[in-house]
Amino acid sequence: MFTGLVEAVGSLASTAPRGGDSRLRIALGAPLAGEPLALGESIAVSGVCLTVVAFDALGFEVDVSNETLSLTTLGALPVGAQLNLERALLPTTRLGGHLVSGHVDGVGTLQSLLPDGRSQRWRIAAPRPLLRYVAAKGSICVDGVSLTVNAADHAGFEVNLIPHTIRHTSFANARQGQGMNLEVDQLARYAERLASFAP
């Protein structure tokens, strides 16, 4: 589990085919906080929960299945692309964002990013089946970042990014038209499931 609060920004150093899927190497610009990385630990890479299979002082490696490559933005990223990184929750972690599983529900598209005071207002187009889980003032995870939904309609949603979020995530380099990994709020999914069993 994660919080959607990005700890560091890394970059895609290489992609190597491995027996039908891929191994990605993620370069670290600075060491991650806390204990040193460990084999087998989970780390969210732009919102995708992946397992560390190798690491050194400069970065780490993860294996990515074809399923994950096809359902997230990871399969189309060029070498050098910036990636939001977050290590898994500890029992003592402050839950400042919202509970995030790292299981991407779909890929959206950044339609517009407009100045809004010192912040930016983004509109993101999303797959229609996901939009029933997106509500104004609810939470959504975009490329591993916990954000509050400002508005939602039948085609997408809007979020507001404060300067701190832009500076400390890969969003500093965001461009109109790029794909973004989306994970909807788990509470909305559970509410729907419970309602489906109502007498």
Residue ID - surrounded by the most Cβ atoms within 10 Å (Cβ to Cβ), chosen from residues in the stretch 147-156 that are under 13 Å from GLU183 (Cα atoms) and in contact with a strand residue (DSSP E or B) (Cβ under 6 Å, 6 or more places away or on another chain)
LEU147
Okay, strands (runs of 3 or more DSSP E) sitting entirely in the stretch 6-123 with 1 or more residues that are under 22 Å from ILE162 (Cβ atoms), I get 8-18, 42-45, 82-87, 106-116
Residues that are more than 17 Å from the chain's Cα centre (by Cα) and under 26 Å from ILE43 (Cα atoms): does the stretch 167-187 have at least one?
yes
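Rundown of residues vs (1) at negative phi; (2) among the aliphatic types (A, V, I, L, M); (3) at pLDDT below 95, yes/no style:
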position	(1), (2), (3)
GLY10	yes, no, no
ALA30	yes, yes, yes
PRO36	yes, no, yes
LEU39	yes, yes, no
SER42	yes, no, no
GLU61	yes, no, no
GLY75	yes, no, yes
GLY80	no, no, no
Filtering the stretch 137-171 down to residues that are without any contact (Cβ under 8 Å) to a residue 24 or more places away in the chain and of a type in the set (Gly, Ala, Ser) yields ALA151, ALA152
Test: residue in the stretch 87-96 that is touching a residue at least 12 places away in the same chain (Cβ under 8 Å) and either among the aromatic types (Phe, Trp, Tyr) or farther than 30 Å from GLU35 by Cα (or both):
no
Collect the residues in the stretch 38-66 that are out of contact with any Pro (no Cβ under 9 Å at 6 or more places or on another chain) and more than 23 Å from GLY20 (Cβ to Cβ), keeping them in residue-number order.
ALA38, GLU41, ALA44, GLY47, ASP56, LEU58, GLY59
Answer yes or no as to whether LEU74 is assigned by TED's automatic domain parsing to the domain that holds PHE55, surrounded by 13 or more Cβ atoms within 10 Å (Cβ to Cβ), of a type in the set (A, V, I, L, M, F, W, C) and touching a helix residue (DSSP H, G or I) at 6+ places or on another chain (Cβ under 7 Å).
yes
Within the stretch 12-50, residues of a type in the set (Lys, Arg) and crowded, with 19+ Cβ neighbours inside 10 Å come out as ARG25
Do we find that VAL53 is surrounded by 18 or more Cβ atoms within 10 Å (Cβ to Cβ), of a type in the set (A, V, I, L, M, F, W, C) and outside the structural domain of THR165 (by TED's automatic domain parsing) in this structure?
no
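The values are calculated or read from the model by the stated rules, or taken from the named source; none is laboratory data. Everything quoted here is computed from the prediction, not taken from an experiment. Every residue, glycine as well, gets a Cβ built from its backbone with ideal geometry; the counts of neighbours run over all protein chains shown.
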